[in-house]
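Participant: Before anything else, here's the structure in question.
The values are calculated or read from the model by the stated rules, or taken from the named source; none is laboratory data. Because the structure is a prediction, the values reported are computed rather than measured. Counting neighbours? That spans all protein chains shown, and the Cβs are built from the backbone with ideal geometry, glycine included. These accessible areas exclude ligands, DNA and RNA; they are computed on the full protein's heavy atoms, side chains included. Shrake-Rupley method; radii C 1.70, N 1.55, O 1.52, S 1.80 Å.
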Amino acid sequence: VFLGASTVERFPLERCFPDKPALDRGVHGDTVANLTERLESSLPERAPAGFVLAVGANDLRRERGRPAAIRDAYAVLLTRLASLQPGKPVALLGVPPTRDTTAREREGLERLNGALARIAREHGAAFVAADRPPLSSPDGRLAEEFSSDPVHLNLSGYRQLARWIAAEGGD
């Protein structure tokens, strides 16, 4: 089950994971707190094999969230998910840059992704970085050839992200 914001909502799961059944539970504009609030209603009736979480970009960009506050909200989310689905593996996706990420925003993004990697480890989840080449260009921005607009991936970008999830996402 893929949970998160528009990155999940737009993820062409059938094309990127053709041999794996996957449910899209993405909601455009979601924050970590929004996902935590709707978590129980987003879970399927049957227990899934695992979860992929992709949320936090809206917290950082639109709401000017601080990395520490986002990390703390993620800890609540991961604890809640573990209580509802004990023992299920989780892969937490890092927040990717945007095409117009500034140097200052890049520093905040790096702090956030570092905090998310630590919180993932603390909760036994895999962390999959999304702010690296080829999705990001040498200047740390979202690469145009992998994006459909300033903040979202295109099919090539999603296919790259899917490869990373399959290789690094754990069980």
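Participant: Mind listing whichever residues of the stretch 122-171 are open to solvent by 30 Å² or more (accessible area, probe 1.4 Å) and either on the phi > 0 side of the Ramachandran plot or β-branched (V, I, T) (or both)?
Facilitator: Of everything in the stretch 122-171, those that are open to solvent by 30 Å² or more (accessible area, probe 1.4 Å) and either on the phi > 0 side of the Ramachandran plot or β-branched (V, I, T) (or both) turn out to be G124, V151, G170.
Participant: Ok, one more. Considering each residue of the stretch 87-121, count those that are surrounded by fewer than 19 Cβ atoms within 10 Å (Cβ to Cβ), β-branched (V, I, T) and assigned to a helix (DSSP H, G or I), and give that number.
Facilitator: Total meeting the criteria: 0.
Participant: Can you list residue pairs whose Cβ atoms sit under 7 Å apart, with the first residue in the stretch 157-171 being within 21 Å of R121 (Cα to Cα) and of a type in the set (G, A, S) and the second being modelled with pLDDT of 95 or more and part of a helix (DSSP H, G or I)? Count only pairs 6 or more apart in sequence or on different chains.
Facilitator: Correct list of pairs: A162/C16.
Participant: Does the stretch 44-76 hold any residues that are under 19 Å from H28 (Cα atoms) and in contact with a strand residue (DSSP E or B) (Cβ under 7 Å, 6 or more places away or on another chain), and which are they?
Facilitator: Answer for the stretch 44-76, where residues must be under 19 Å from H28 (Cα atoms) and in contact with a strand residue (DSSP E or B) (Cβ under 7 Å, 6 or more places away or on another chain): F51, V52, L53, A54, V55.
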